[in-house]
Amino acid sequence: MQPRFHHSARWMCATLLSGAAAAHAQTDDAWRFQATIYGYLPSINGKTTFPPEGGSNAVSVDLGDIFNLKFAFMGSLEARKGAWGAFTDAIYLNLGSSKQGSTSFRIGGALPVGVAADVNFDLKGWLWTLAGTYRAVARPDYSLDTFAGVRMLDINQQTRWQLSGNVGAVPIADRAGNRETSNQNWDAIIGVKGRVAMGESSRWFAPYYLDVGTGQSDFTVQAMAGVGYSYPWGDVVAAWRYIGYEMKSGKPIEKLNFNGPGVAAVFRW
């Protein structure tokens, strides 16, 4: 599923401006730091197209049809002094799988009736976010940070395929092959993040995060919500995280999203 969130950009701008103007941060002037280590198990969906080579046609792969997760590293670091701060978030992805008898694989168009593809697909890359923050609301039971910054998506992908079945109508050059392509996007983002305390002790809380952006991508969005518990050393959080991209025309990756649960350990000092 690829929801469109273009109307959210106008709403987000209004939220940032009104929240920053109306609220005054209640924070001290000491430096505060926070580091987060994630475990993330998303499902992956989207579509990628490899350009033609020589006399061969373009190759398209439905990512949701073949993907699983090989390896992911995720972490973030945040620093704040008074109301102002900054954070960076990095995700390394190593994704891929093999699919036997796929009919969603395309060479120039849909495969002829009676033809299937054995496909191997690999995707490696980074998602990196860097932003400056302003604490618009700082209450014991509720905090809200507004932020603006950039996100970079750097992806390298490779596919190998072998057709089987009634391949007589398929050109010989397209019956088996190996394609590789890469894509790097920079987008400006704005967003809000924070937490809502629950219960009298406020040890339980609900964290939230939302950003939207555009630039070299047509549109990108990231959202997170969950529940956490505070300890003297930091927090443990379980959350659902969604990252979505809609690319501009002509990009190798047409659509891409990651959607799933995760757990995190948050350390503060």
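Observations
- Segment residue 200-residue 229, length gained on full extension (0.36 nm per residue, minus Cα span): 9.1 nm
- Applying 1/(1 + (r/R0)^6) with r as the Cβ-Cβ distance of residue 130 and residue 58 and R0 = 35 angstrom yields a FRET efficiency of 0.55.
- Two-site FRET efficiency, residue 173 against residue 236, from Cβ-Cβ distance with R₀ of 51 Å, rounded to 0.05: 0.40
- Across all directions, the average projected area of the convex hull around the alpha carbons of the stretch 93-233 is 12.3 nm².
- Taking a sphere under 11 Å around the Cβ of residue 197 and counting the other residues whose Cβ falls inside, with K and R at +1 and D and E at -1, yields a net charge of +1.
- Neighbour net charge for residue 78 - beta-carbon separation under 12 angstrom, K R +1, D E -1: +4
- Derived scalar couplings between HN and Hα for the stretch 152-165 equal 10, 10, 10, 10, 10, 9, 9, 10, 10, 9, 9, 7, 9, x Hz in order, rounded to whole Hz, by the Karplus curve 6.51 cos²θ - 1.76 cosθ + 1.60 (θ = phi - 60°), x for Gly and Pro.
- Share of alpha-carbon pairs per 5 Å distance bin for the stretch 6-268, given as whole %: 1, 5, 12, 15, 15, 13, 10, 8, 6, 5, 4, 3, 1, 1, 0
Laboratory data are not the source of any read-out in this text; all were calculated from the coordinates shown. In this text, all values refer to a predicted model and were calculated from it rather than measured experimentally. No Cβ is skipped: glycine too gets one built from the backbone with ideal geometry, and neighbour counts run over all protein chains shown.
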